[in-house]
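> Provided herewith is a single structure, encoded as C-alpha cells, for subsequent inquiry.
The values are calculated or read from the model by the stated rules, or taken from the named source; none is laboratory data. From a predicted model like this one, the values you see are computed outputs, not experimental measurements. Cβ placement follows ideal geometry from the backbone for every residue including glycine, while neighbour counts extend to all protein chains displayed. We work out accessible area using only protein heavy atoms, side chains counted, and drop any ligands, DNA or RNA first. Shrake-Rupley method; radii C 1.70, N 1.55, O 1.52, S 1.80 Å.
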Amino acid sequence: MTPAATLLVTAAEDLVDEVSSLASASGVAVAVAPSAAAARAQWCGAPLVLLGEDAVEDPVPSRRAGVLVLTSEGPGGEELWRAAVAAGAEQVLCLPDDRTELLRRLGGVAEAAGGGGGPCVAVMGTRGGVGGSTLAAALAWRCARSLGRGAASLLVDTDLLGGGADLLLGAEEAPGLRWGDLARARGSVRGQVLAQSLPRRGALAVLSGGGPTPEEPLRGDVVEAVLRAARPHHAAVVVDAARRDDEVTGAALAASDLLLLLVAPDVGSVLAGRRVLEAVAPRVADVRLVLRTGSRGSAGGTGGLPVAAVVDALGAPLAATLAHDRGLAATLARGEPPGSARRGALARACEALEHLVTPPVAGP
C-alpha cells in the first residue's frame with residue numbers, strides 16, 4: 001500500500017465502484033479487502049478504513065481511529081449502529097446521501113499525504129484601481145504558459161461582486177463551474193472533478209464569480225475546501241483576493257503560502273497597506289510587496305513616494321515593481337488575457353514574480 005491508500009473492507013461490488021470513483025476524484029488510492037480478517041495486514045497502516053455494511057459485524061483486528069461504516073441501504077437501524085460502535089467506527093455514512101462527508105474525509109487523506117501541487121499565492125491591491133486583478137490574471141497566465149501541461153495553473157477570483165476573472169481572461173463564454181455553482185457546497189468538490197469542471201482559457205483554469213449571482217453567499221469553508229482540493233491537481237494556484245476583512249478573504253489567505261500586496265507609491269495607498277497588513281498578518285505567513293511605479297501608478301500624476309520609503313513604511317520585502325503598461329489596453333481590446341504579451345511592464349513584473357508561484361524544477 002502507498003501511504004495515501006484508504007482501506008475499503010467489503011465484498012459488495014457496487015460499494016467498491018462507488019468508493020473507487022470518489023477516491024479517484026480525491027487523488028487517493030484504495031486497497032480493497034473482502035473481510036476484516038483479509039485486511040489484517042493493512043488494518044493499522046491505512047490512514048482511513050471504510051467498513052461496508054456487509055463487513056461491519058466481522059471481528060476487527062484491533063481498535064483504531066479513522067474507521068467509518070458505509071451503507072447504501074438507508075440510514076440503518078439499531079443493529080447497524082450497535083455493530084458500528086463495537087467496531088470503533090467514528091461515523092456511519094449512507095451513500096449516496098453522505099457523499100459530501102466521505103469526500104471530505106478522502107480529501108483529508110490526500111492532504112495529509114502531501115498530495116502534491118505547487119504553491120498557492122494570493123494577490124491583493126491596497127485600493128481599487130491599482131491593478132491587483134490584472135496582476136493576478138497575468139501571473140496565472142504566465143505560469144500556465146510556462147508550465148505547459150494541461151490545466152497546470154489555476155486562477156481563483158474570490159470577489160463575487162466584481163466583473164469576474166473569466167471575463168478578464170476572455171473566457172466568459174467557456175463552459176464550466178463558477179462560484180455560483182459551488183456556493184452551497186460543503187467541501188464536496190474534490191481533486192480531478194474540480195480540475196475537469198472549471199472553465200479554461202488555453203492552459204489556464206479559472207474559478208470566478210462570473211455568471212448569475214449565487215442564491216447563497218459564498219462561505220469561507222467553501223473557499224477553503226475548494227483551494228484544498230485544487231492544489232494537488234494544479235502546479236500553481238493564484239488567488240485574486242478581495243480587499244475585505246471577511247471570512248471569504250480570510251479563508252483564501254489562510255490557504256495561501258504567500259500574499260503579494262500591490263501598493264501604489266502614495267500616502268493613501270501606503271496607509272491602506274498598513275491596515276491590510278494588520279488584518280492579514282495572522283492569516284498568511286509570507287507577505288511581499290509589488291510597487292506600482294511611474295506616472296500612472298502614483299497619485300496626482302507625480303513620481304510618488306520613493307521605493308525605499310514605501311518598503312520601510314510597510315515593513316515587508318519588495319518582490320517586484322510594476323510600471324504602467326502602455327500596451328495592456330490594446331491587449332485586452334483584442335480579447336487576449338493580461339500577461340499574454342511577451343514584452344512590456346506587466347511581462348517584466350510577472351517574470352520577476354514567476355519563481356514565487358511555479359514549483360522548482362527537480363534536477364536529474
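> What spacing in nm lies between the two simple spin-label points modelled at ALA31 and ALA308, each 7 Å away from Cα in the Cβ direction?
Simple spin-label model gives 6.2 nm for this pair.
> Starting at the first residue of the stretch 318-334, write each ³J(HN,Hα) from the Karplus equation 6.51 cos²θ - 1.76 cosθ + 1.60 with θ = phi - 60°, in whole Hz, x for Gly and Pro.
Ordered by residue, 3J(HN,Hα) equals 8, 9, 6, 10, 9, 7, 5, 9, 5, x, 5, 4, 5, 4, 5, 5, 7 Hz.
> Moving on to the next point. What does the accessible area of GLU79 come to, in Å² to the nearest 10, when a probe of 1.4 Å is used?
About 150 Å², ignoring ligands and nucleic acids.
> May I pose another question? Each residue of the stretch 250-259 in turn: what ³J(HN,Hα) in whole Hz from Karplus with 6.51, -1.76, 1.60 and θ = phi - 60°, glycine and Pro shown as x?
Coupling constants for the stretch 250-259: x, 5, 5, 6, 5, 7, 9, 7, 8, 10 Hz.
> Sticking with this structure for a sec: Using a 1.4 Å probe and ignoring any ligands, DNA or RNA, find the accessible area of TRP141 and quote it in Å² to the nearest 10.
40
> Hey, what do the phi angles of the stretch 38-46 turn into as Karplus ³J(HN,Hα) couplings, whole Hz, using 6.51/-1.76/1.60 and θ = phi - 60°, x for Gly and Pro?
After applying 6.51 cos²θ - 1.76 cosθ + 1.60, I find 6, 9, 4, 5, 9, 4, 7, x, 6 Hz.
> If the chain between SER72 and ASP246 were fully stretched, how many nm would it gain, using 0.36 nm times the residue separation less the Cα-Cα distance?
Full extension from SER72 to ASP246 adds 58.7 nm.
> Once you place label points 7 Å from the Cα toward the Cβ at ARG326 and ALA279, how far apart are they in nm?
A separation of 3.6 nm, rounded to one decimal place.
> Quickly work out the GLU336-to-ALA174 label distance, labels modelled 7 Å from Cα along the C-beta direction, and quote it in nm with one decimal.
In this crude spin-label approximation the distance works out to 1.7 nm.
> Ignoring ligands and nucleic acids, what accessible area does THR134 show with a 1.4 Å probe (Å², nearest 10)?
Per-residue accessible area (THR134): approximately 30 Å².
> Largest first, what is the accessible-area ranking of THR6, THR100, THR321 with a 1.4 Å probe?
Reading off the accessible areas and sorting them downward yields THR321, THR100, THR6.
> While we're on this one: Go through HIS355, HIS324 and list them by solvent-accessible area, largest first, probe radius 1.4 Å.
HIS355, HIS324
> In what order, largest first, do CYS143, CYS94 sit by accessible area if the probe radius is 1.4 Å? Show your work: numbers first, answer last.
Values: CYS143 0, CYS94 20 Å².
From most exposed to least exposed: CYS94, CYS143.
> Work out how much length ARG40 to SER62 would gain on full extension: take 0.36 nm times their residue separation and subtract the Cα-Cα distance, in nm to one decimal.
7.0 nm
> What's the extension gain from ARG343 to ASP97 if we count 0.36 nm per residue and subtract their Cα-Cα distance?
So the chain would gain 83.4 nm between ARG343 and ASP97.
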